[in-house]
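Structure first, then comments.
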Amino acid sequence: MKTRIADIIRGHDRFEIMTHEGPDEDAVGSSRALAFALIALGKSVRLIYPTPIPDTLLFTPEPKNDKGISPQISIMVDVSDRKLLAGVTPQGEIVVVDHHRTKAEDGIVSWIDPGKSSASEMVYELIRELGTEITPAMASNLYMGLFGDTGGFMHSNTTAKVFKTAYDLVRAGADPNSIAYRLKKTRSLKYYQILCITMDRLIQAGRVYGSFICYRDFRDLRATPEDASGIIEELASLAGSELIILLRELNPDTVHASIRSKGTEAALKTARAFGGGGHGMAAGFTIKGRADELIEQVIEEGMKWAGKASS
Ligand SMILES: [Mn+2]
């Protein structure tokens, strides 16, 4: 499929590259790197982000964005579900490059491989397939994506292949020290203030831990939900925890739950009980209600799944 996508790229001139809403390191890195590669091949490219790139991810080189073109091909990277495009409609013939565990849509050229760590790893292979030289700008973006989706070379998707790709990218000009520092050592003060609130409210039930952040906390701190991004990973670092739940009020009557589990699919099972979804060990849901009223209920559900092996 990689070869076929390379052929499609060679055979066309005008492209749009799009990724999922709430773009993360991998979404930004893979889309920008692919754009650089297509531009190097003499193609016109427009980049589309359904929601803005967070400020913290704006440090890697940015390719030229040819907004005015009418694309022949729309390449979706790090996303295969069009619902995650937040209403943006692809204008060209769709091509998908994604590593999430999803089914290819009929009639759409899709390279979907859940065995890959990240879309960035796949875009790296695609660029190699195209025979384009990996420039420092491409390497920096791809390294950011690889680093992001492996949790800094820590998650279970950190394969020997990932290190080989990282090695190649560093050789091609990515700076691992500066990229890691930009991603990991630039927390806002608001983040730590939110973390304090979260720790104050921490509830423990066996190996299940839960906490919540209210809409009013965000308002009082003049913080945005983005300032709370990463708090769940912080809680999941607690020794002895097996299932971790963080409820966040997006507005006064809507709660978003982030759930993490260690070694089992308890996170997904818990999220599903509330109509949510995700990966086995990282899942979530959004529900009407108040965080302080829902937290006990979600913890109770989590207790049913924690300690049970994956099925
Ligand atoms: Mn990804």
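Things to note:
- Just one of the listed residues (Pro63, Pro23) is away from the ligand (no atom under 15 Å from the Cβ), outside the structural domain of Asp227 (by TED's automatic domain parsing), in contact with a helix residue (DSSP H, G or I) (Cβ under 9 Å, 6 or more places away or on another chain) and open to solvent by less than 10 Å² (accessible area, probe 1.4 Å), namely Pro63.
- Segment 1-20 - residue that is surrounded by fewer than 17 Cβ atoms within 10 Å (Cβ to Cβ) and out of contact with any strand residue (DSSP E or B) (no Cβ under 8 Å at 6 or more places or on another chain) and, of those, farthest from Leu146 (Cα to Cα): Gly11
- Taking residues in segment 1-24 that are of a type in the set (Lys, Arg), and partners anywhere that are assigned to a loop (DSSP other than H, G, I, E, B) and open to solvent by 50 Å² or more (accessible area, probe 1.4 Å), the pairs with Cβ atoms closer than 8 Å and at least 6 places apart or on different chains are Arg10/Leu41; Arg14/Ser70; Arg14/Gln72.
- Members of segment 119-170 that are within 12 Å of the ligand (Cβ to nearest atom), assigned to a helix (DSSP H, G or I) and open to solvent by 10 Å² or more (accessible area, probe 1.4 Å): Phe147, Gly148, Asp149
- Only one of Arg4, Arg10, Arg46, Arg14 that is among the basic types (Lys, Arg), within 28 Å of Leu183 (Cα to Cα) and at pLDDT 95 or above: Arg46
- Only residues that are at negative phi and within 16 Å of the ligand (Cβ to nearest atom) were counted in segment 71-104, giving 15.
- The set of residues in segment 116-140 that are more than 19 Å from the chain's Cα centre (by Cα) and of a type in the set (A, V, I, L, M, F, W, C) comprises Leu126, Ile127, Leu130, Ile134, Ala137.
- Any hit, segment 147-167, residues being in contact with a Pro (Cβ under 7 Å, 6 or more places away or on another chain) and either modelled with pLDDT of 95 or more or closer than 16 Å to Thr60 by Cα (or both): no
- So Ala180, is it surrounded by fewer than 22 Cβ atoms within 10 Å (Cβ to Cβ), closer than 19 Å to Pro23 by Cα and at pLDDT 95 or above: yes
Here is a yes/no grid of residues against (1) of a type in the set (Lys, Arg); (2) open to solvent by less than 20 Å² (accessible area, probe 1.4 Å):
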residue	(1), (2)
Ala257	no, yes
Lys262	yes, no
Lys269	yes, no
Phe274	no, no
Gly277	no, no
Ala283	no, yes
Gly289	no, no
Asp292	no, no
Ile295	no, yes
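The values are calculated or read from the model by the stated rules, or taken from the named source; none is laboratory data. No experiment lies behind these values; they were computed from the predicted model shown. Here Cβ is always computed from backbone atoms with ideal geometry, including for glycine, and neighbour counts include all displayed protein chains. When the accessible area is computed, the model is the full protein with side chains, heavy atoms only, and any ligands, DNA or RNA have been set aside. Shrake-Rupley method; radii C 1.70, N 1.55, O 1.52, S 1.80 Å.
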